[in-house]
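Read the structure below first, then the notes.
The values are calculated or read from the model by the stated rules, or taken from the named source; none is laboratory data. The structure displayed is predicted, hence computed values, not measured ones. Note that we place each Cβ from the backbone using ideal geometry, even for glycine, and neighbour counts take in every protein chain shown. Remember, those area values only see protein heavy atoms, side chains included, never the ligands or the DNA or RNA. Shrake-Rupley method; radii C 1.70, N 1.55, O 1.52, S 1.80 Å.
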Amino acid sequence: MSGEIYEHFSHDERDFVDKASDWIERAGKYHDMKLTDFLDPRQVFILQTLVNRRDDVQIRLDGGYETAERKRALIAPDYRFLDDEDMGMQVMSITSDDQKISELEHGDYMGALLGLGMKRGKIGDIQVLDDGCHTVVAAETGAFLSLQLNQVHRVHVFTELLPIDQMKWSESKLDTMDITVASLRLDGICADVYRLSRSKVLVPIKAGRCRVNWKVEEDPSKSLKAGDVVSIQGFGRFKVMEQDGMTKKGRCRVKIGKFA
């Protein structure tokens, strides 16, 4: 691959860039089709960027429902008709007769699924509902997950595999908060949002556990802007919704939305 491609992506993304480039090369040169695992939005961006460099390859993206965040990609020669191709997705419905299921959160379901030894790429979006959860899973792993998953955070659960068109979802709930910060630096905003000292929030950032718009960010001085989505492993995720002017003391007013 041309080394100039790497200049557009961070060092830790090179492995995915190499894989994506190989999928695209095989589709264009050998007429292969490739159905990927579920990709996060940053990986989708990288794949789309590489596909756009060629005129003999196309992709179809699908996460099972209209506003899906994580999606599978079908990479194919440009002459193939992809609308009717099977994207290999099922819905796994998780329910329980224990009322405590209403207290479970996204991280509880994710932890239970990954605890079965499943790769993150085989699991699409997880939608927490009032009476349980619907999660999109790769069809090739659906039967295994449905058979093995019987407990989520000490709550006994039942599972059922459903066609993808029976997926239920709700709009992402954001708990809003208003903060004032000296600047829009990543470390300063994260410290306020997560209620940590500046020194403590530096540890996960410099350890590569922070992502801004799904891209690893290790620079604590990075300036954030409205629309940026930030996550630190173990602390949750938030969105910078807007900057709302300055205080009399010259601090920035920022509205934050924390994902429930």
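In whole Hz, with x marking every Gly and Pro, tabulate ³J(HN,Hα) for segment 197-206 from phi via Karplus 6.51 cos²θ - 1.76 cosθ + 1.60, θ = phi - 60°.
Here the 3J(HN,Hα) series is 6, 4, 5, 6, 6, 5, 4, x, 5, 6 Hz.
With an 8 Å Cα cut-off and a minimum separation of 6 or more residues, compute the relative contact order for segment 1-114 in percent. Let's see the in-between values first.
Numbers: 111 pairs, mean separation 26.0, N = 114.
Relative contact order of segment 1-114: 23 percent.
Answer with one residue from GLY121, VAL193, PHE16: the one whose Cα lies farthest towards the positive end of the charge dipole of the chain, charges on Cβ with Lys, Arg +1 and Asp, Glu -1.
Checking the options against the dipole of the chain, the answer is VAL193.
Charges on Cβ only, +1 for Lys and Arg, -1 for Asp and Glu, centred on the Cα centroid of the chain; of CYS133, PRO77, LEU184, which one is farthest towards the dipole's positive end?
With unit charges placed on the Cβ atoms, the residue in question is LEU184.
What's the local net charge at LEU61, with K and R +1, D and E -1, over the other residues with C-beta under 11 Å away? Present the calculation step by step, with values, prior to reporting the outcome.
On the way: positive: ARG60, ARG70, LYS71, ARG72; negative: ASP62.
Around LEU61, the charge tally is +3.
Excluding ligands, DNA and RNA, what is the solvent-accessible area per residue of segment 14-107 at a probe of 1.4 Å, expressed in Å²? Write out the running numbers ahead of the final one.
Details: 5050 Å² over 94 residues.
For segment 14-107, the per-residue accessible area is 54 Å².
[x] 1.03; [y] 1.13; [z] 1.61: which one is Cα Rg over 2.2 N^0.38 Å as calculated from this entry?
It is the one labelled [y].
Can you list the aspartates and glutamates whose alpha carbon is less than 18 Å from that of LYS206, not counting same-chain residues fewer than 8 positions off?
Reachable aspartates and glutamates: ASP12, GLU13, ASP187, ASP192, GLU217, GLU218, ASP219.
Using Cα pairs closer than 8 Å and at least 6 residues apart in sequence, work out the relative contact order for the chain, in percent. Can you show the working numbers first?
Values: 466 pairs, mean separation 37.2, N = 260.
After rounding, I find 14 percent.
Suppose every K and R has +1 on its Cβ and every D and E has -1 on its Cβ; what is the size of the dipole of segment 1-129 about the Cα centre, in Debye to the nearest 20?
On the way: 17 positive and 27 negative charges, 64 e Å.
That gives segment 1-129 a dipole magnitude of about 300 debye.
Please tell me which of these pairs span more than 21 angstrom C-alpha to C-alpha: LYS34/LYS122; LYS119/LYS168; LYS119/LYS173; LYS19/LYS215?
Over 21 Å apart, Cα to Cα: LYS119/LYS168; LYS119/LYS173.
Arrange the peptides 137-147, 175-185, 151-161 so that the one whose residues have, on average, the most other Cβ atoms within 10 Å appears first. Mind showing how you got there, number by number?
Details: 137-147: 17.5, 175-185: 13.6, 151-161: 15.2.
Top of the packing list down: 137-147, 151-161, 175-185.
Calculate the FRET efficiency for ARG80 and LYS258 from the Cβ-Cβ distance with a Förster distance of 30 Å, rounded to the nearest 0.05.
Details: r = 42 Å, r/R0 = 1.40.
That gives a FRET efficiency of 0.10.
Using amide H atoms built in the peptide plane, which far-off residues or other-chain residues are under 5 Å from GLN58 H to H?
When sequence neighbours closer than 5 places are left aside, the close amide H contacts are ALA76, ASP78.
Compute the relative contact order of segment 141-260 as a whole-number percentage, counting only Cα pairs closer than 8 Å that sit 6 or more residues apart in sequence.
On the way: 194 pairs, mean separation 29.9, N = 120.
Worked out over segment 141-260, it gives 25 percent.
Run the accessible area of the chain with a 1.4 Å probe and give the carbon-and-sulfur part as a rounded percent.
Details: 6440 of 14390 Å².
Carbon with sulfur: 45 percent of the solvent-accessible area.
Where Rh is the Kirkwood radius over the Cα pairs of segment 95-221, the temperature 4 °C and the viscosity 1.567 mPa s, what D in µm²/s does Stokes-Einstein return? Let's see the in-between values first.
Working: Rh = 17.1 Å.
Estimated diffusion coefficient is 76 µm²/s.
Which of the pairs LYS71/LYS239; LYS222/LYS258; LYS100/LYS225 have their Cα atoms more than 31 Å apart in this structure?
Working: LYS71/LYS239 20 Å; LYS222/LYS258 20 Å; LYS100/LYS225 38 Å.
Listed pairs above 31 Å: LYS100/LYS225.
With θ set to phi - 60°, apply the Karplus curve 6.51 cos²θ - 1.76 cosθ + 1.60 along segment 13-29 and write out the HN-Hα couplings as whole Hz, x wherever there is a Gly or Pro.
Once rounded to whole Hz, the list reads 9, 5, 4, 5, 4, 5, 5, 4, 5, 5, 4, 5, 4, 5, 5, x, 8.
Place a +1 charge on the Cβ of each Lys and Arg in the chain and a -1 charge on the Cβ of each Asp and Glu, then give the dipole magnitude about the Cα centre in debye, rounded to the nearest 20. Spell out each step's value before the answer.
Values: 38 positive and 43 negative charges, 294 e Å.
Result for the chain is approximately 1420 debye, rounded to the nearest 20.
What is segment 1-54 by shape, rounded, prolate or oblate, if you read a ≥ b ≥ c off the alpha carbon gyration tensor as root eigenvalues and call it rounded for a/c under 1.5, prolate for a/b larger than b/c, and oblate otherwise?
The shape class here is oblate.
So if I take the centroid of the Cα atoms in segment 200-256 and the same for segment 27-57, what is the distance between those two points in Å?
That distance is 30 Å.
Rank GLY236, GLY208, THR247 by how far each Cα sits towards the positive end of the charge dipole of segment 186-260 (+1 on Lys, Arg Cβ; -1 on Asp, Glu Cβ) and give me just the farthest.
THR247
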